[in-house]
Amino acid sequence: MRRLIVTAVLLGLLATGVLIALDYARRHPENLPWTELDLGHPIGAFTGRKLTALRDDPALCLSLLERAGVHVQPLPPHDGGPRCAYDDAVRISGGEGSIALRPAGAGFACPIAAGFAVWEREIVQPAAARHFNSRVTQIEHLGGYSCRRIGGRDESDWSEHATANAIDIAAFRLASGRRISLIDDWSGAAEEQAFLREVRDGACRLYATVLSPDYNEAHRDHLHFDQAQRGASGWRGCR
């Protein structure tokens with residue numbers, strides 16, 4: 001009898017544990033590696049890796065952006081040589097409540113656009129509200145596609161920009177008219193510094209690589225984001 005009671009208690013605890021796990025999975029799919037990515041969900045433990053994996057599924061990437069209400073225009077494939085080509089680039093044209101990207105018209109690999117949509121909603125706008133009591137209305141960038149090697153050197157590895165798999169962020173313009181730039185404000189007033197570091201750190205949860213003025217002189221005027229795929233290790237860089 002005692003053995004039966006112990007077994008029943010153990011089975012009951014196991015069943016309770018399973019129910020708790022299922023409820024957690026239902027309420028927090030963003031924290032589980034096997035659940036489908038949803039760009040409308042909060043950022044979770046595996047959101048960044050799921051965004052990077054979209055490089056292997058452009059159709060899914062476009063579908064996720066559409067479901068999230070993000071307006072993009074797929075661009076024709078571009079062949080700029082053996083190292084400089086893309087076939088999954090999109091032009092971000094906004095969506096309800098989205099931030100305008102300036103200059104307009106640039107193309108980025110679809111996973112860059114997907115990460116950008118989450119970043120502006122979950123990271124940028126909350127940070128602007130906390131630090132400046134205002135919304136960001138425009139984000140200025142320095143481009144996406146560029147057929148070049150890292151650092152513009154002749155012998156270095158090819159940049160993620162060579163496949164449109166990167167974006168460089170230079171400045172933020174608030175609804176109040178205030179402009180916050182990396183070149184002027186990374187080492188500027190305390191509030192601007194705090195905002196820029198918060199949006200940098202938040203991007204590290206979404207992109208495989210995030211480089212800032214803390215990394216080197218070449219990045220003194222921008223934040224570099226990319227979705228580099230790095231094999232089985234999947235290591236991610238945040239500087």
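Where a number appears in this text, it was derived from the coordinates with a stated rule and is not lab data. Every value quoted in this text rests on a predicted model; they were computed, and no experiment measured them. Every residue, glycine among them, receives a Cβ derived from its backbone with ideal geometry; neighbour counts consider all protein chains shown.
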Estimated vicinal HN-Hα couplings, Hz - segment 194-202 in sequence order (Karplus 6.51, -1.76, 1.60; Gly, Pro = x):
4, 4, 5, 6, 5, 6, 5, 5, x
Any idea what the dipole of segment 47-238 comes to, in debye rounded to 20, about its Cα centre with Lys/Arg Cβ at +1 and Asp/Glu Cβ at -1?
320
Between the residues SER187, ALA113, LEU51, the Cα farthest towards the positive end of the dipole of the chain, that dipole coming from +1 and -1 charges on the beta-carbon of Lys, Arg, Asp and Glu, is from LEU51
Can you list residues from other chains, or at least 5 along the same chain, whose modelled amide H is less than 5 Å from the amide H of CYS238?
VAL210
Where nothing but the Cβ of Lys and Arg (+1) and of Asp and Glu (-1) is charged, how large is the charge dipole of segment 150-210 around its Cα centre, in debye to the nearest 20?
300
Just to confirm the number: angle between the C-alpha axis of helix 2-27 and the first principal axis of the chain, 0 to 90 degrees, nearest 10?
20
Using a Förster radius of 25 Å, what is the FRET efficiency between SER187 and ALA100 based on their Cβ-Cβ separation? Nearest 0.05, please.
0.40
Using only Cα atoms, what is the ratio of the radius of gyration of the chain to 2.2 N^0.38 Å?
1.18
Alpha-carbon radius of gyration plus Dmax, which is the widest Cα pair, for segment 96-190 in Å
14.8, 46
How much length is gained on full extension from ARG49 to HIS78, taking 0.36 nm per residue of separation minus their Cα-Cα distance?
7.9 nm
Quick check: Cα centre of segment 151-222 to Cα centre of segment 44-61, how many Å?
22
Sparse-neighbourhood loop sites, GluC sites (Glu not before Pro) in segment 68-167 - DSSP loop, at most 15 other Cβ within 10 angstrom:
GLU96, GLU155
The farthest towards the positive end of the charge dipole of segment 73-153, of the residues CYS147, PRO74, VAL136, given +1 on Cβ of Lys and Arg and -1 on Cβ of Asp and Glu, is CYS147
What residue among HIS222, LEU174, LEU206 has its Cα farthest toward the positive end of the dipole of the chain, where the charges are +1 on Lys, Arg and -1 on Asp, Glu, each on the Cβ?
LEU206
